[in-house]
Amino acid sequence: TARRTEREPAYIEKPLEISEYKTRKIYIDTHLIDAGWKLGINWLNEYELPGMPNRGGVGYADYVLFGDDGRPLAVIEAKKTCKDPAIGRQQAKLYADLLEQKFGRRPIIFLTNGFETKIWNDTKYPERKVSGIYAKRDLEKEFSKLSFRTPLSNVSINDTISNRYYQKEAIKSVSHAFDTENRRKTLLVMATGSGKTRTVISLVDILLRH
């Protein structure tokens, strides 16, 4: 009892015991500060969004991160540490819909509980885990890449790099997976001597051009 009384002033709650508010203040806000975001300038809390399909017709996004052009780069849905961040997926999607309607650009979605963070560019790629919320320059780079991206449906393969029919078929198959199916990874299995290195170099050439 004496030891417990002595330690009580310095007691820190375990992550599973804290509320969503404390999760945001202790963990998520710290991540944003570390990434260079500035509260009230390019980072806003409880951003009001009319048009939500609820009784009041208004929603409040936990965090919205803005670019230099005044348009949103990302919306963040926060959950307390003991919750799976994916629980907020649908809510975050609705916020992204409303932000896109208002600003003409769809923000990237982050789902986080302070310990686990997921990124979801729901019109391009499936949801995946990341180490943390991106810095402004990294988010701007994502949008820049999307703006320069062109279809891979009718790729022009450089015959001086790879000109065998099965190499071309492999390249077209990977291009289809990246372009039409929005995959982030593919696997090619090719026999020894079939020109795996040339196939991959040719594929990289196409991806750089597109």
How do the peptides 50-62, 67-79, 91-103, 26-38 rank, highest first, by the average count of neighbouring beta carbon atoms within 10 Å per residue? 67-79, 91-103, 26-38, 50-62
How about segment 132-210: which trypsin sites (Lys or Arg not before Pro) there lie in a loop by DSSP and see at most 15 other Cβ atoms within 10 Å? R149, R164, R183, R184, K185
Could you sort out which of K83/K145; K25/K124; K118/K172; K129/K185 sit more than 21 Å apart by Cα distance in this structure? K83/K145; K25/K124; K118/K172
Using a 1.4 Å probe, how large is the accessible area of H176, given in Å² and rounded to the nearest 10? 90
How much area per residue is accessible in segment 102-154 when the probe is 1.4 Å and only protein heavy atoms are counted (Å²)? 55
What percent antiparallel are the DSSP beta bridges of the chain, to the nearest 5? 75
I need the GluC sites (Glu not before Pro) found in segment 1-59, filtered to DSSP loop residues with at most 14 other beta carbons within 10 Å of theirs. E13
The extension gain from R137 to K196, computed as 0.36 nm times the residue separation minus the Cα-Cα distance, is 17.7 nm
Which value in deg cm²/dmol, rounded to the nearest 500, describes the helix-derived mean residue ellipticity at 222 nm for the chain, given -39,500 (n - 2.57) per DSSP H run of n ≥ 4 and division by the residue count? -10500 deg cm²/dmol
Considering only DSSP beta bridges where both residues belong to segment 13-115, give the percentage that are antiparallel (nearest 5). 65
Give the long-range amide H neighbours of M52: residues separated by 5 or more places, or on another chain, with amide H under 5 Å away, using H modelled in the peptide plane at 1.01 Å from N. V58, G59
Can you give me the angle between helix 89-103 and the longest principal axis of the chain, using Cα atoms only, in degrees from 0 to 90, rounded to the nearest 10? 80
Over the Cα atoms of segment 25-78, compute the convex hull volume and normalise it per residue, giving Å³. 87
I need the P(r) histogram for the chain: all alpha carbon pairs, bin width 5 Å from 0 out to the longest distance, whole percents. 1, 6, 12, 14, 13, 11, 9, 9, 8, 6, 4, 2, 1, 1, 0, 0, 0
Per residue of segment 172-178, what does 6.51 cos²θ - 1.76 cosθ + 1.60 with θ = phi - 60° give for ³J(HN,Hα)? Whole Hz please, x for Gly and Pro, Karplus curve as stated. 5, 5, 5, 4, 4, 5, 6
On Cα atoms only, tilt of 136-148 relative to the major axis of the chain in degrees: 30
For segment 155-170, take each phi angle, set θ = phi - 60°, evaluate the Karplus expression 6.51 cos²θ - 1.76 cosθ + 1.60, and give the result in whole Hz per residue in order, putting x for glycine and proline. 6, 9, 8, 6, 5, 6, 9, 8, 10, 7, 4, 6, 5, 5, 5, 5
What is the percent carbon and sulfur in the accessible area of the chain, measuring with a 1.4 Å probe over the protein chains and ignoring ligands? 52
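The values are calculated or read from the model by the stated rules, or taken from the named source; none is laboratory data. Predicted, not measured: the structure shown is a model, and the values here were computed from it. A quick note on method: Cβ atoms are made from the backbone with ideal geometry, for glycine too, and the neighbour counts reach across all protein chains shown. In case anyone asks, the SASA skips ligands and DNA or RNA and just uses the protein heavy atoms, side chains included. Shrake-Rupley method; radii C 1.70, N 1.55, O 1.52, S 1.80 Å.
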